[in-house]
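The values are calculated or read from the model by the stated rules, or taken from the named source; none is laboratory data. Note that the structure is predicted; figures quoted are calculated from it, not measured. Reconstructed Cβ throughout: ideal geometry from the backbone, glycine too, with neighbour counts over all protein chains shown. We work out accessible area using only protein heavy atoms, side chains counted, and drop any ligands, DNA or RNA first. Shrake-Rupley method; radii C 1.70, N 1.55, O 1.52, S 1.80 Å.
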Amino acid sequence: MAPAVEFRVTRYDPAADEQPRLVSYEVEVAAADRVLDGLEYIKRRLDPSVAFRRSCAHGVCGSDALVINGTVRLACKTLLQDLEPPLLVEPLATFPVIRDLVVDLTSFFEATRRVRPWLEAGEPIPEREFLQTPAELTAFAEGTKCILCASCVTACPVVKRGTPYIGPAAVVQGHRFVNDSRDVGAEARLRILAAADGAGACENFFECTKVCPRGILVTKRINEIKAMLQAGGYVKGDAADG
Amino acid sequence: MTFARHDYDAVIVGAGGAGLFAALELGRAGAKAAVLSKLYAVRSHTGAAQGGICAALGNREPDKPLWHMFDTVKGGDYLVDQDAAEIMCEEAPGVVFDLEHMGVPFNRTDDGKIDQRPFGGHTRNFGEAPVRRACYAADRTGAMILHTLYQQCLRAGVEFYDEFFVTDLAFAGETVAGVVAHDVRAGELHSFRAPAVALATGGWGRLFRVTSNAYANTGDGAALALRAGIPLQDMEFYQFHPTGLHGLGILVSEAARGEGGILRNDAGERFMERYAPRLLDLAPRDMVSRAVYQELQTGRGLGGADYVGLDLTHLDAEVLDKKIPEITDFARIYLGVEPKEEMIPVAPTAHYAMGGVPTTVDGEVTRDEEATVVPGLYAAGEVACVSVHGANRLGTNSLLDILVFGRRVGRAIAEFVRGGKGPAWPAEALEGRREKVARWRDTAGGPAVAELRADMQEAMEAGVSVYRTAESTAAAREAVGGLLTAYGDVGVGDAAAAFSTELLEAFEVGNLLALAYVTAASAHRRTESRGAHSREDFAARDDARWLNHTLCYLRDGELEFRAKPVTITRFEPKPREY
Ligand SMILES: Cc1cc2nc3c(=O)[nH]c(=O)nc-3n(C[C@H](O)[C@H](O)[C@H](O)COP(=O)(O)OP(=O)(O)OC[C@H]3O[C@@H](n4cnc5c(N)ncnc54)[C@H](O)[C@@H]3O)c2cc1C
Ligand code: SF4
Ligand code: FES
């Protein structure tokens, strides 16, 4: 028999339960299993009613960010062998729960949409490609790695505390576009990020950077935006640190 | 009982590259379109595409759409419809420039142009040597295209219904009237009335146990068409990619070989020298997968195990870090292998459906060998079979296919819906689905969804894998047929309405079973070897008898086959050597 690991999973059906409860499962695991494999095991062998999101199963689609043993991670990119059992698996804390491990991400997607996350290409549009040097690409490339998993938002102490803040992911989106040599929409975006709940709400806790499964230096990018806001006269006060 | 009802000019089912480009075109044309997707758009599997999208831009060396077309036709073992392939290769540069103007962060040459790299089966001057044709954004090209299209759809005001699972197509007679969709979050059915519906639901790698495909890749759109009496085309041609991470199936893109990676067996031999002396590791996938399979069959896997090695150790660290950073990370995370120091253990993984819902070059779905159009129904992307890939798809041709034909479908629908509102909503469409869901939920003791899926995957892996025989395909067909019957009594072990993933899986398994049945039966019927369909008992290609497309119908449990002619315009079939 394969070794068993105890999973303690948040269960919650809003139509039936007053509040979330933890249910314990014995999961048989293989050496290189991911947390997601454990959840699949529960669903297939022990209780088909447990609900969680997942799709790609290798860390590229952003579906399965969960709080695992107290830390936000992608279940499909976290190996069981790297964690201390028993496993505590909970939904992303800063969002309303729809059911079990599934949260309502409406506010997350709304926040990222506020920064106008689309390229506004300058006229004239060339017949072939815009020319862009490798260095110009590097200036914004990191932000394009974001998979909109919402890990950073859930990990952010400012968000957790309830201070109005557009959130790290939205600032990363803004960073990606204002630094793209093809884009002419920077001003509108920076205005939005200059608001009281914009980039300035970040207090440099670095929790976003720690949890980002894509290795984006989130805090650094936020501080670059803060510096642009200063330099462009969008906000007043001392230069941002970091 | 009341239901939420919606009225649109067009409903796009699926928010991958194909669906989003169609929606964007409709948005640009000012039509009222809704995109329904069982996943949030940015979770679609287009986001997993790594290696690139090809177009004869000629940025690194001379190239021509005609060479690209030849490679596509030859790569597809001459089962390609050449009119469609010509359109695709001609429109390729325009689509890539369109994407670049929308914001895709392509890697660049030093002088600022889109960089290009070699990929399997893409050659210069009709097969002379590999050519640099694949445009790429590191090894996350698909994610960049998906996000960019999504962003531009938001900008254009396209309406999204995220986490809406389409369960049925609605017809008034032969004409499309709209779709029925299950709102996953609330657990309620909705009707969407529209004169035009486009299927853009992607592939069905989940037919198999080891696959590069996401959990969501269950072929729902193809199954919807099949249930509506529309045949599926060329389902026996399913591509196995030679380099999936051992045991997991997670893809290691051909880009790794495009950048210089080499496949080796236990003796350290570059075995592709024996199978494809000219293109070596960059031969088309069907050939490389067979080569790997044969190495494994003859005990030449690494350490005698069931995988070979993908050797990247001789490449510059900078190439690994800049051009294929994600796939080298997959090897580290999931197998604990450092690609700079050791070979990556790889084996074939179920990857791509060449077959699917038959369409015209404008994405209109057709219902027979004369290509009679189903009014109002369209398909694009992996779910569709135009057919530009024939018996075997070349790498980087799928992103191209989904975008060229996604865009064409958007344009065709914009034209079509000027014609009016379409038929009234047929009330029975929704009632039937509601009763079925209620029955599933009441069923105790029926077969479990998870068991049906596991048994199906086992049968398909045993019978319809890289190599097939009359016996193996017949056994798979019988086994899956039995599971299809059992599915009639399936029980859903989840009573809650909100976000019932078990209910979704019940829908999905039904769809997979139908596709598995048609795939096994189509593979059984075709007594030749062509492209990805390799029959051990009929090892040669047989143009006299089989240079035609398979159409397979499944009506009331009965299979019916027809042959549809292949369109040949420029390139007469020749033996396929590399
Ligand atoms: C790992 C991997 C790497 C690849 N790399 C490359 C590459 O480098 N180059 C290349 O050319 N090709 C590549 N391919 C192939 C290519 O990525 C796919 O064929 C292509 O992205 C499919 O796009 P699509 O738009 O048809 O479908 P998808 O992107 O799969 O989207 C399907 C959409 O349909 C929705 N959907 C499905 N069923 C339903 C339903 N019942 N109701 C509502 N919505 C539904 C889903 O939510 C999703 O939005 C790769 C494939 C894989 C698996
Ligand atoms: S920045 Fe990182 S953690 Fe935040 S949403 Fe993007 S990928 Fe996730
Ligand atoms: S399932 Fe896609 S990121 Fe984990």
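Note on the range A:69-84: residues that are surrounded by fewer than 20 Cβ atoms within 10 Å (Cβ to Cβ) and either out of contact with any helix residue (DSSP H, G or I) (no Cβ under 9 Å at 6 or more places or on another chain) or hydrophobic (A, V, I, L, M, F, W, C) (or both) total 7. If you check B:ARG185, B:ARG155, B:ARG206 for being in a loop (DSSP other than H, G, I, E, B), within 14 Å of chain A (Cβ to nearest Cβ) and open to solvent by 20 Å² or more (accessible area, probe 1.4 Å), only one passes: B:ARG185.
Across the range B:13-30, the qualifying residues are those that are away from chain A (no Cβ under 14 Å) and modelled with pLDDT under 95, and the one among them that is farthest from ligand 1 (Cβ to nearest atom) is B:GLY30.
Rundown of residues vs (1) open to solvent by 30 Å² or more (accessible area, probe 1.4 Å); (2) more than 14 Å from ligand 2 (Cβ to nearest atom), yes/no style:
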residue	(1), (2)
A:ILE42	no, yes
A:PRO117	no, no
A:PRO124	yes, yes
A:ALA141	no, no
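Taken together, B:ALA462, B:ALA506, B:ALA429, B:ALA438 contain a single residue that is under 22 Å from the mean Cα position of the chain (by Cα), part of a helix (DSSP H, G or I) and away from every other protein chain (no Cβ under 14 Å), which is B:ALA462.
Each row is one residue, and each column tells you yes or no for (1) free of Cβ contacts under 8 Å to residues at least 24 places away in the same chain; (2) assigned to a strand (DSSP E or B); (3) within 13 Å of chain A (Cβ to nearest Cβ).
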{"position": "B:ARG60", "(1), (2), (3)": "no, no, no"}
{"position": "B:MET69", "(1), (2), (3)": "no, no, no"}
{"position": "B:ALA84", "(1), (2), (3)": "no, no, no"}
{"position": "B:PHE97", "(1), (2), (3)": "yes, no, yes"}
{"position": "B:PHE106", "(1), (2), (3)": "no, no, yes"}
{"position": "B:THR123", "(1), (2), (3)": "no, yes, no"}
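Being touching a Ser or Thr at 6+ places or on another chain (Cβ under 6 Å) and not in a strand (DSSP E or B): is that true of B:LEU310 here? So B:LEU310 does not fit the description; no.
Conditions tested, residue by residue: (1) in the same structural domain as A:PRO157 (by TED's automatic domain parsing); (2) open to solvent by less than 30 Å² (accessible area, probe 1.4 Å); (3) at pLDDT 95 or above.
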site: A:ALA201; (1), (2), (3): yes, yes, yes
site: A:PHE206; (1), (2), (3): yes, no, yes
site: A:LYS210; (1), (2), (3): yes, no, yes
site: A:GLY215; (1), (2), (3): yes, no, yes
site: A:ARG221; (1), (2), (3): yes, no, yes
site: A:GLU224; (1), (2), (3): yes, no, yes
site: A:ALA227; (1), (2), (3): yes, no, yes
site: A:LYS236; (1), (2), (3): no, no, no
site: A:ASP241; (1), (2), (3): no, no, no
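Every residue in the range A:85-107 that is outside any loop (DSSP other than H, G, I, E, B) and open to solvent by less than 10 Å² (accessible area, probe 1.4 Å), please. Result: A:LEU87, A:VAL89, A:ARG99, A:VAL102, A:VAL103. Restricting B:GLY406, B:GLY482 to residues that are more than 29 Å from B:LEU296 (Cβ to Cβ), open to solvent by 20 Å² or more (accessible area, probe 1.4 Å) and more than 16 Å from ligand 3 (Cβ to nearest atom) narrows the list to B:GLY482. A single entry from B:TYR487, B:TYR517 fulfils the requirement of being aromatic (Phe, Trp, Tyr) and surrounded by fewer than 21 Cβ atoms within 10 Å (Cβ to Cβ): B:TYR487. The residues of the range B:263-280 that are in contact (Cβ under 8 Å) with a residue 40 or more places away in the chain and open to solvent by less than 40 Å² (accessible area, probe 1.4 Å), listed by number, are B:LEU263, B:ASN265, B:ALA276, B:LEU279.
Of all residues in the range B:121-137, those satisfying the criterion of being open to solvent by 10 Å² or more (accessible area, probe 1.4 Å) and of a type in the set (A, V, I, L, M, F, W, C) are B:PHE126, B:ALA129. All of A:VAL29, A:VAL35 fail the test of being open to solvent by 10 Å² or more (accessible area, probe 1.4 Å), in contact with a Leu (Cβ under 7 Å, 6 or more places away or on another chain) and away from every other protein chain (no Cβ under 11 Å), apart from A:VAL29. Taking the range B:305-319 as the range and being in contact (Cβ under 8 Å) with a residue 60 or more places away in the chain and surrounded by fewer than 16 Cβ atoms within 10 Å (Cβ to Cβ) as the test, only B:ASP306 passes.
Screening A:ALA196, A:ALA188, A:ALA170 for residues that are away from ligand 3 (no atom under 16 Å from the Cβ), surrounded by 22 or more Cβ atoms within 10 Å (Cβ to Cβ), small (Gly, Ala, Ser) and in contact (Cβ under 8 Å) with a residue 12 or more places away in the chain leaves exactly one candidate, A:ALA170.
The residues of the range B:108-120 that are buried (at least 20 other Cβ atoms within 10 Å of the Cβ) and more than 7 Å from chain A (Cβ to nearest Cβ), listed by number, are B:ASP115, B:GLN116, B:ARG117, B:PRO118, B:PHE119, B:GLY120. Just one of the listed residues (B:GLY142, B:GLY127) is of a type outside the set (Asp, Glu), outside any strand (DSSP E or B) and either at the interface with another protein chain (Cβ under 9 Å from one of its Cβ atoms) or under 19 Å from A:PHE177 (Cβ atoms) (or both), namely B:GLY142.
Scanning the range B:528-547 for residues that are of a type outside the set (D, E, K, R) and open to solvent by less than 30 Å² (accessible area, probe 1.4 Å), we see that the one that is nearest to the other protein chains (Cβ to nearest Cβ) is B:ALA532. Annotation: of all residues in the range A:111-139 being among the small types (Gly, Ala, Ser) and more than 8 Å from chain B (Cβ to nearest Cβ), the one that is farthest from the chain's Cα centre (by Cα) is A:GLY122. Screening B:VAL383 against (1) over 15 Å from the mean Cα position of the chain (by Cα); (2) open to solvent by less than 10 Å² (accessible area, probe 1.4 Å) leaves a single unmet condition, (1). Looking at this structure, is B:LEU263 farther than 19 Å from B:ASN392 by Cβ and either within 16 Å of ligand 2 (Cβ to nearest atom) or outside any loop (DSSP other than H, G, I, E, B) (or both)? So B:LEU263 does not fit the description; no. Would you confirm whether any residue within the range B:233-247 is open to solvent by less than 10 Å² (accessible area, probe 1.4 Å) and within 16 Å of ligand 3 (Cβ to nearest atom)? Yes. From the list B:PRO423, B:PRO375, the lone residue that is open to solvent by 10 Å² or more (accessible area, probe 1.4 Å) and in a strand (DSSP E or B) is B:PRO375.
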